[in-house]
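See structure below.
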């Protein structure tokens with residue numbers, strides 16, 4: 001292969017379809033747009049959700065539900081997970097940074113400790129929120145639950 005015999009693959013380069021250049025071109029009169037109607041007009045763009053004039057589904061179905069703008073999302077972490085973490089790394093203080101290093105939460109997550117599972121060791125736990133059962137179980141083993 002040399003520079004003088006380089007050429008595009010067969011069928012890679014076709015001629016441009018020249019529309020609206022008279023009947024002799026084969027693409028005159030309607031220029032490949034068919035007859036009449038919105039789609040044949042210049043500047044046509046179908047609106048999102050348009051169903052050909054039929055009442056669109058987003059208008060046929062009723063509105064429902066409510067999005068609370070002041071809702072606070074929490075990442076839930078159970079006491080069983082915290083117990084396993086304290087046993088694995090042999091630690092007595094667990095904060096959000098510890099959970100972040102363990103890969104249980106992301107850096108922007110608010111953390112809520114839930115009371116699922118047993119807590120055996122005395123731990124100091126710092127999080128954004130605690131459930132009542134979690135606080136009760138932490139206090140029962142002599143630990144401390146602090147809200148950051």
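The values are calculated or read from the model by the stated rules, or taken from the named source; none is laboratory data. Worth saying up front: this structure is predicted, and the values here are computed from it rather than measured. Don't worry about glycine lacking a Cβ; one is built from the backbone with ideal geometry, like all the others, and counts go over all protein chains shown.
Helices (runs of 4 or more DSSP H) fully within region 52-148 that include at least 1 residues being touching a helix residue (DSSP H, G or I) at 6+ places or on another chain (Cβ under 9 Å): 79-89, 96-101, 132-140. Only one of 69, 56 is within 30 Å of residue 37 (Cα to Cα) and surrounded by fewer than 16 Cβ atoms within 10 Å (Cβ to Cβ). Can you tell me which? Only one candidate qualifies: 56. Checking the stated criteria, residue 31 turns out to be surrounded by 10 or more Cβ atoms within 10 Å (Cβ to Cβ), modelled with pLDDT of 90 or more and out of contact with any strand residue (DSSP E or B) (no Cβ under 6 Å at 6 or more places or on another chain).
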